[in-house]
Protein chains: 2
Amino acid sequence: MGHDMTASAAPEFAADDAPSIHHYDEFIDGFAALMETRGVPRAAGRIFSYLQVSEPAEQTAAQISQALGISLGTVSGMTRLLMNAGWVRRSTRRGERQAVYRAAEGTMTLAVDGVMEPIRRARALTSRGLELMAGRPDAARARLRDLNDVYRFFEEWFPMILEQWHRRGEKET
Amino acid sequence: MGHDMTASAAPEFAADDAPSIHHYDEFIDGFAALMETRGVPRAAGRIFSYLQVSEPAEQTAAQISQALGISLGTVSGMTRLLMNAGWVRRSTRRGERQAVYRAAEGTMTLAVDGVMEPIRRARALTSRGLELMAGRPDAARARLRDLNDVYRFFEEWFPMILEQWHRRGEKET
DNA sequence: CGGCGATTTCAGTCTTGACAGAAATCTGCG
DNA sequence: CGCAGATTTCTGTCAAGACTGAAATCGCCG
C-alpha cells in the first residue's frame, strides 16, 4: 500500500478508465446536502465530497470547477474555507504552476476536532449561565446544570473515545 | 373584571425576585448564536435558551414574546420547530386558555439523538459511495473507507457512551 | 349563539450569503 | 521585461428564509 500511482501520468487526463463524472452524483450531492444542514455551503460540500472519490485523488482547481460545474472564483473561496477547516490540503509541486487539492488525511481526528470545539463553547456558556444564576433556587438552576453536565461529559469522554479508536485497528491515518 | 386568578396552583418556583430580563442576555444571545451556527434560526435559539433560565420555568407565548422582543407569530413558528425537534414541550392546563412552554427534560438523550441521526445518514451515504466505487482500485477507495469507518465507529460506540452516562449519575433520565 | 382572548396562518419585507463572472494580482518562464 | 496561465479578489445578482404584522382560525366562556 505504500506505492503511489503512476508518477508520470499525463496530468490533463483523468485516471485510466475512471467512471464518468456523474457516476458519483448520488454520493456527492447527497453528502453535500448533509453537510449543508450543518452550515457548510453547498459548493464547499460538493468539493469536499468530490475529493473523496476523484481519480486521481489530487485535482486542480480547473478540474474541480469543470467536474462540478462551479466557477473558478467559487472554487477558490470554498477551497480556502475547507483548508481553514482542515478538511482539504493544497500542494503545489515545484516547477508546476497549478496547485492541486486533495482530501486531508486523519479523518477521525478531524471529525473529533470539529465536534469538540462547539462543545467547549457550549459548556463555557452554560457555565457562565450558572454563574449568572448564582443566587437562584436550586430547582431553577437544574435545567442549566443538566445542560452543563452533558457538555462536561462529552468533554471528558471524547479523548477516551479517540484512544479507543486508535487502539482498535492499527490503521491510524 | 377582577382577575382573581389566585395562585391556587403555586408555580414550581416563584418568580418573585427573579433577575431582570436582561440579566441573562449574555447566556441567551451567546447560546443562540452558537445554535445558529448549527442551523437553528436565531429566534428559536433564543427561545430555547430563555426556557433554560426563565422563572418560572413554564412560560406563555406572550411572556416569551415580550421577554425576547419577538413577535407572537414567530414564537408560534419557532416553538413548533423546537417541539418537533423535541427540545421544548408544551402543555395546557385544563380550564386554561393559554398554553405554556418549558424546556424538555432528558437533555442527554436529546443531544445524542440529535447527533446520531446525521451520523447514520452520513454512513449510509459513504456506504453507498463505496458501492459505486466497487470496481475501483483499493487505493482510490481508501478515502471513503476511512470516512465510513469513522461513522461506523460512532454508530457502535454511542450506545455505550449513553450507558456510561446513565451509570455515572443516577439522577437523570 | 356571540364575544373574546389565544394561537396559527399568511403575505410581504428585508437581510444574508451563496455564487458567477470580470477584473486584478500573482508567478514563473522565455 | 513582459507574457500567459493560474489564482484571488471584487462586484453584482439572485434566492432562501427569518421575521413582522395583520388576518383568519380556534376554543372556551357567559
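Using the number of other C-beta atoms within 10 angstrom as an exposure proxy, rank A:Met133, A:Met35, B:Met160 with the fewest first. It would help to have the intermediate numbers written out before the result.
Details: A:Met133 23, A:Met35 20, B:Met160 11.
Lowest to highest Cβ neighbour count: B:Met160, A:Met35, A:Met133.
Rg/Rh for segment B:119-173: what does it come to with C-alpha atoms and Rh from Kirkwood? Kindly include the intermediate steps, with their values, before the conclusion.
Working: Rg = 16.0 Å, Rh = 12.9 Å.
Ratio of gyration radius to Kirkwood radius: 1.24.
What do the square roots of 5 times the Cα gyration tensor eigenvalues come to for segment B:69-155, in whole Å, largest first, as semi-axes of the equivalent ellipsoid?
One finds semi-axes of 44, 13, 9 Å for segment B:69-155.
Report the FRET efficiency, 1/(1 + (r/R0)^6), for B:Ala139 and A:Met83, where r is their Cβ-Cβ distance and R0 is 22 Å, rounded to 0.05. Let's see the in-between values first.
On the way: r = 23 Å, r/R0 = 1.05.
According to the calculation, E is roughly 0.45.
Principal axes first, then extents: for the Cα atoms of segment A:20-90, list largest minus smallest coordinate on each axis, whole Å, largest first.
Each principal axis gives a Cα extent; for segment A:20-90 these are 29, 23, 19 Å.
Taking 1 over the mean of 1/r across every pair of different Cα atoms in the protein assembly as shown, what Kirkwood radius in Å do you get?
Values: mean 1/r = 0.0433 Å⁻¹.
Hydrodynamic radius (Kirkwood, Cα only) of the protein assembly as shown equals 23.1 Å.
Hey, fewest Cβ within 10 Å first, where do A:Leu144, A:Leu81 land in order? List each step's numbers first, then the result.
On the way: A:Leu144 27, A:Leu81 17.
With the sparsest Cβ surroundings first, the list reads A:Leu81, A:Leu144.
Where nothing but the Cβ of Lys and Arg (+1) and of Asp and Glu (-1) is charged, how large is the charge dipole of segment B:43-146 around its Cα centre, in debye to the nearest 20?
320
Go ahead and run the numbers for FRET between A:Glu155 and A:Gln98, Cβ-Cβ distance against an R0 of 30 Å, rounding to 0.05.
Details: r = 42 Å, r/R0 = 1.41.
Between A:Glu155 and A:Gln98 the formula returns 0.10.
Report the one residue of B:Gly135, B:Leu147, B:Ala124 whose Cα lies farthest in the direction of the positive end of the charge dipole of segment B:120-173 (charges on C-beta: Lys and Arg +1, Asp and Glu -1; origin at the Cα centre).
Working it through, the farthest residue towards the positive pole turns out to be B:Gly135.
Using Stokes-Einstein with the Kirkwood hydrodynamic radius over Cα pairs, what translational diffusion coefficient do you get for chain A at 4 °C and a viscosity of 1.567 mPa s, in µm²/s rounded to a whole number?
Details: Rh = 19.2 Å.
The calculation lands on 68 µm²/s.
Just to be sure I understand: with springs between alpha-carbon atoms less than 10 Å apart, which residue in B:Gly129, B:Gly106, B:Gly86 has the highest mean-square fluctuation in the Gaussian network model of chain B?
Result for chain B, Cα springs under 10 Å: B:Gly129 fluctuates most.
Neighbouring Cβ atoms within 10 Å as the yardstick, rank A:Arg94, A:Arg102, B:Arg93 fewest first.
Working: A:Arg94 4, A:Arg102 17, B:Arg93 11.
Lowest count first: A:Arg94, B:Arg93, A:Arg102.
Identify, among B:Phe158, A:Ala32, A:Gly106, the residue whose Cα sits farthest towards the positive end of the charge dipole of the protein assembly as shown, taking +1 on the Cβ of Lys and Arg and -1 on the Cβ of Asp and Glu, with the dipole about the Cα centre.
Of the options given, the answer is A:Ala32.
Of A:Trp87, B:Ser91, B:Ala44, which is farthest towards the positive pole of the protein assembly as shown's charge dipole, taken about the Cα centre with +1 and -1 on the beta-carbons of Lys, Arg and Asp, Glu respectively?
Result: B:Ala44.
Each value in this text was obtained by applying a stated rule to the coordinates, not by laboratory testing. This structure is a prediction, so every number in the text was calculated from the model and none was measured. Reconstructed Cβ throughout: ideal geometry from the backbone, glycine too, with neighbour counts over all protein chains shown.
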